[in-house]
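Undergrad: Okay, here's the structure, questions in a sec.
The values are calculated or read from the model by the stated rules, or taken from the named source; none is laboratory data. Just so you know, these numbers come straight off a predicted model, no measurement behind them. In this analysis, Cβ positions are derived from the backbone assuming ideal geometry, glycine residues included, and neighbour counts consider all displayed protein chains. Just so you know, the surface numbers come from the protein's heavy atoms only, side chains and all, with ligands and any DNA or RNA stripped out. Shrake-Rupley method; radii C 1.70, N 1.55, O 1.52, S 1.80 Å.
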Amino acid sequence: MKIAVLGAGAIGAFVGAALHRGGADVHLIARGPHLQAIRERGVRINSPRGDFVAYPHATDDPTEIGPVDYVFLGLKAHSYPGSGPLIEPLLGEHTAVVAGQNGIPWWYFHRLGGPYEGRRIEAVDPGGATSKVLAPERAVGCVVYPATVIEAPGVIRHIEGTRFSIGEPGGGISERCTALSEAMVAGGLKCPVEPNLRDDIWIKLMGNVAFNPISALTRATMVEICRNPPTRRLVARLMEETLDIAARVGSTPDISIEKRLRGAEGVGDHKTSMLQDLEAGKQLELDAIVTAVVEMADITGAEAPALRAVHAATGLLARSTGTG
């Protein structure tokens with residue numbers, strides 16, 4: 001099995017190292033000091049589950065790799081429309097694209113069925129630009145649960161979690177998902193194939209759509225947000241509105257808001273990815289995590305007043321800080 005990881009950052013390098021450890025033919029696409037360190041010393045994973053080093057091929061030129069069976073996207077969702085020159089050399093006739101992104105994926109309404117079948121979400125597929133580069137037919141959905149950070153070039157700190165849920169946009173259990181799951185498990189990861197992955201997308205999004213923007217606006221960690229009663233109530237309200245939108249498009253995630261809050265509080269003094277990006281001056285993942293949800297509220301007729309207010313505030317934050 002030949003796998004390319006496009007965007008071998010904290011999650012991408014972690015996945016690539018695990019797959020390589022499990023016996024897959026892995027190729028990492030990275031750049032700068034991170035790429036140089038991987039070439040010289042491999043990918044070092046520091047983890048509470050055990051440290052290890054993997055030595056996959058690493059390059060900044062995908063033409064060196066050629067067509068693969070799977071492309072794992074470690075890029076942020078806002079980078080997808082411009083990723084054509086990097087991904088095209090990797091695509092063969094049957095190449096699957098596994099998008100390990102946060103938020104609503106560009107393929108969400110592909111093969112959903114019902115009244116919204118085939119709708120385009122402009123926030124994540126502006127003018128069809130993402131679908132042009134990443135055909136929805138190639139997509140294998142992926143919900144990423146692990147928390148990782150780049151500790152130093154070529155060094156990944158694995159904080160918690162090993163689960164990568166995957167699934168077909170059209171549902172069911174496909175051969176390509178089963179094969180990828182087996183390769184991930186061989187590398188020491190959990191990789192259930194979910195017949196209805198959209199429920200998993202909403203479960204994770206419940207946390208992301210609430211904690212990410214609030215943390216960016218307040219500079220608070222997840223546990224601080226949970227232990228402050230007014231922000232805890234706001235998070236609960238955002239989750240309620242998110243579940244309402246999910247139900248309107250046919251998803252009913254089997255998890256309570258209180259359980260989701262307890263899980264977030266248990267993470268401790270962890271900065272969300274959006275707060276980390278804000279502090280680093282990087283573009284915020286607003287489109288997939290917040291704007292797309294508000295757009296889906298518009299599509300389905302949901303009021304979602306708290307989501308709209310938080311969306312307005314974080315949009316202004318992004319513009320005023322140059323991270324939009």
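Undergrad: Does segment 240-249 contain at least one residue that is closer than 18 Å to Ile289 by Cα, crowded, with 21+ Cβ neighbours inside 10 Å and among the charged types (D, E, K, R)?
TA: yes
Undergrad: I'm told His158 meets every condition in (1) open to solvent by 40 Å² or more (accessible area, probe 1.4 Å); (2) part of a strand (DSSP E or B); (3) in contact with a Lys or Arg (Cβ under 8 Å, 6 or more places away or on another chain) except one. Can you identify the failing condition by its number?
TA: Evaluating His158 over (1) open to solvent by 40 Å² or more (accessible area, probe 1.4 Å); (2) part of a strand (DSSP E or B); (3) in contact with a Lys or Arg (Cβ under 8 Å, 6 or more places away or on another chain) leaves (1) as the failure.
Undergrad: Quick check on this structure: which one of Val133, Val124, Val140 is farther than 23 Å from Gly250 by Cα, crowded, with 17+ Cβ neighbours inside 10 Å and not small (Gly, Ala, Ser)?
TA: Numbers: Val124 fails: farther than 23 Å from Gly250 by Cα; Val140 fails: farther than 23 Å from Gly250 by Cα.
Matching residue, one of Val133, Val124, Val140: Val133.
Undergrad: When the residues of segment 285-300 are narrowed to those that are of a type in the set (A, V, I, L, M, F, W, C), touching a helix residue (DSSP H, G or I) at 6+ places or on another chain (Cβ under 7 Å) and open to solvent by 10 Å² or more (accessible area, probe 1.4 Å), which ends up farthest from Ala220 (Cα to Cα)?
TA: Val294
Undergrad: Same structure again: Which number in (1) at pLDDT 95 or above; (2) under 21 Å from Thr148 (Cα atoms); (3) surrounded by fewer than 19 Cβ atoms within 10 Å (Cβ to Cβ) marks the one condition that Ala216 misses?
TA: (3) is the only condition that Ala216 fails.
Undergrad: What residue, of Gly74, Gly92, Gly84, is among the small types (Gly, Ala, Ser) and out of contact with any helix residue (DSSP H, G or I) (no Cβ under 9 Å at 6 or more places or on another chain)?
TA: Working: Gly74 fails: out of contact with any helix residue (DSSP H, G or I) (no Cβ under 9 Å at 6 or more places or on another chain); Gly84 fails: out of contact with any helix residue (DSSP H, G or I) (no Cβ under 9 Å at 6 or more places or on another chain).
On inspection, the qualifying residue turns out to be Gly92.
Undergrad: With within 21 Å of Val124 (Cβ to Cβ) and small (Gly, Ala, Ser) as the only criterion, which of Ala288, Ala280, Ala264, Ala236 stands out?
TA: None of the other options fit; the residue is Ala288.
Undergrad: I'd like the residue in segment 89-106 that is touching a strand residue (DSSP E or B) at 6+ places or on another chain (Cβ under 9 Å) and open to solvent by less than 10 Å² (accessible area, probe 1.4 Å) and, out of all such residues, is nearest to Asp199 (Cα to Cα).
TA: The residue in question is Pro105.
Undergrad: Another question, if that's okay. From the list Glu258, Glu303, Glu279, which residue is among the charged types (D, E, K, R), open to solvent by 40 Å² or more (accessible area, probe 1.4 Å) and not in a helix (DSSP H, G or I)?
TA: Within the list Glu258, Glu303, Glu279, the selection yields Glu303.
Yes or no, residue by residue, for (1) touching a strand residue (DSSP E or B) at 6+ places or on another chain (Cβ under 6 Å); (2) closer than 19 Å to Ala13 by Cβ; (3) modelled with pLDDT under 95:
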residue: Ala147; (1), (2), (3): yes, yes, yes
residue: Ala152; (1), (2), (3): no, yes, no
residue: Glu160; (1), (2), (3): yes, yes, yes
residue: Arg163; (1), (2), (3): yes, yes, no
residue: Glu168; (1), (2), (3): no, no, no
residue: Gly171; (1), (2), (3): no, no, yes
residue: Ala179; (1), (2), (3): no, no, no
residue: Ala183; (1), (2), (3): no, yes, no
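Undergrad: Okay, next question. Would you mind stating whether Arg233 is surrounded by fewer than 15 Cβ atoms within 10 Å (Cβ to Cβ), among the charged types (D, E, K, R) and part of a helix (DSSP H, G or I)?
TA: Answer is yes for this residue.
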